[in-house]
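Colleague: Handing you this structure, nothing more for now.
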Amino acid sequence: MIFNSLTFIFLCFIPCILCVLLIEKLGGRLRIRIQNVILVLFSLLFYAWSGTQYIKILAALILLNYVLGFFIKKSRAVLALGILLNLGILFYYKYLNLIITTYNDVLHRDFFLWEIIAPLGISFIIFQCISNVSTFFVSVPKVL
């Protein structure tokens with residue numbers, strides 16, 4: 001089933017989210033946090049619909065950037081570290097094979113080449129993570 005099919009949109013994904021959120025709406029004081037958890041779980045489900053081999057990477061990115069969000073308020077170095085970590089992950093999946101192949105071709109070497117397949121939408125996900133991490137920077141005092 002493809003993501004833009006009417007079956008997926010109107011019979012599976014959107015009705016499930018709306019039902020869960022409506023049931024949750026009857027909840028109490030932790031409603032906003034529960035809604036965020038529900039949306040993250042359904043986003044993982046949506047991502048897993050195309051294949052489950054990259055769910056661990058997506059979950060690790062979510063956890064990494066969530067934790068970084070707490071520590072960014074303390075220093076700018078953590079912001080730089082968060083951006084570098086995210087760009088490093090993007091570099092690994094998108095550009096490492098290109099660089100190794102170019103290195104082998106130009107210098108006539110036989111450097112080992114991994115078979116790296118980038119997860120679906122990795123660039124979008126990484127740039128969203130960088131954007132999320134950077135929003136915490138607004139509250140960092142300008143000390144440096």
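The values are calculated or read from the model by the stated rules, or taken from the named source; none is laboratory data. Model, not experiment: these values are computed from the prediction. Cβ coordinates were reconstructed from backbone atoms using ideal geometry, including for glycine residues, and neighbour counts include every protein chain displayed. Note: areas computed on protein heavy atoms with side chains; ligands, DNA, RNA excluded. Shrake-Rupley method; radii C 1.70, N 1.55, O 1.52, S 1.80 Å.
Colleague: Among the residues of the stretch 121-144, count how many are at pLDDT below 85, closer than 24 Å to K56 by Cβ and loosely packed, with under 15 Cβ neighbours inside 10 Å. Before the answer, list the steps.
Modeller: Here is the first cut: in the stretch 121-144, the ones at pLDDT below 85 are 121, 132-144.
Filter once more, so that each one left must be closer than 24 Å to K56 by Cβ: 121, 132-133.
Those still in the list that are loosely packed, with under 15 Cβ neighbours inside 10 Å too: 121.
Qualifying residue count for the region: 1.
Colleague: Here is a check on your reading of the model: is V78 modelled with pLDDT of 75 or more and under 18 Å from I125 (Cα atoms)? So that I can check it myself, show each step before the final result.
Modeller: Values: modelled with pLDDT of 75 or more: yes; under 18 Å from I125 (Cα atoms): no.
So V78 does not fit the description; no.
Colleague: Right, another one. List the helices (runs of 4 or more DSSP H) that sit entirely inside the stretch 54-143 and contain at least 3 residues that are under 13 Å from the mean Cα position of the chain (by Cα). Spell out how you get there, then give the answer.
Modeller: Working: elements: 55-71, 76-94, 96-107, 122-135.
In the stretch 54-143, 55-71, 76-94, 122-135 are the helices (runs of 4 or more DSSP H) which contain 3 or more residues that are under 13 Å from the mean Cα position of the chain (by Cα).
Colleague: Okay, moving on. Could you please let me know if F3 is at pLDDT below 80 and assigned to a helix (DSSP H, G or I)?
Modeller: Details: at pLDDT below 80: yes; assigned to a helix (DSSP H, G or I): no.
For F3, the condition - at pLDDT below 80 and assigned to a helix (DSSP H, G or I) - is not met.
Colleague: So, of the residues in the stretch 23-50 that are modelled with pLDDT of 75 or more and open to solvent by less than 40 Å² (accessible area, probe 1.4 Å), which turns out to be farthest from I125 (Cα to Cα)? Outline the logic, then answer.
Modeller: From the stretch 23-50, those modelled with pLDDT of 75 or more are 37-49; that's our starting set.
Now restrict to residues that are open to solvent by less than 40 Å² (accessible area, probe 1.4 Å): 38, 42, 44, 47-48.
On the way: I38: 18, F42: 15, L44: 12, Y47: 11, A48: 14 Å.
Checked the stretch 23-50; the qualifying residue farthest from I125 (Cα to Cα) is I38.
Colleague: Here's another thing I want to ask about it. Quick one: F71 ticks every box in (1) in contact with a helix residue (DSSP H, G or I) (Cβ under 9 Å, 6 or more places away or on another chain); (2) open to solvent by less than 60 Å² (accessible area, probe 1.4 Å) except a single one, so which number is it?
Modeller: (2)
Colleague: Quick one: would you say I38 is within 30 Å of P15 (Cα to Cα) and assigned to a helix (DSSP H, G or I)?
Modeller: Numbers: within 30 Å of P15 (Cα to Cα): yes; assigned to a helix (DSSP H, G or I): yes.
Yes: the conditions hold for I38.
Colleague: Inside the stretch 89-112, can you point out the residues that are farther than 30 Å from F46 by Cβ and open to solvent by 40 Å² or more (accessible area, probe 1.4 Å)?
Modeller: Of the residues in the stretch 89-112, the ones farther than 30 Å from F46 by Cβ are 99-112.
Those that are farther than 30 Å from F46 by Cβ and open to solvent by 40 Å² or more (accessible area, probe 1.4 Å): I99, T101, T102, Y103, D105, V106, L107, H108, R109, D110, F111, F112.
Colleague: Next question. Exactly one of (1) at pLDDT 80 or above; (2) open to solvent by 50 Å² or more (accessible area, probe 1.4 Å) is unmet by N86. Its number?
Modeller: (2)
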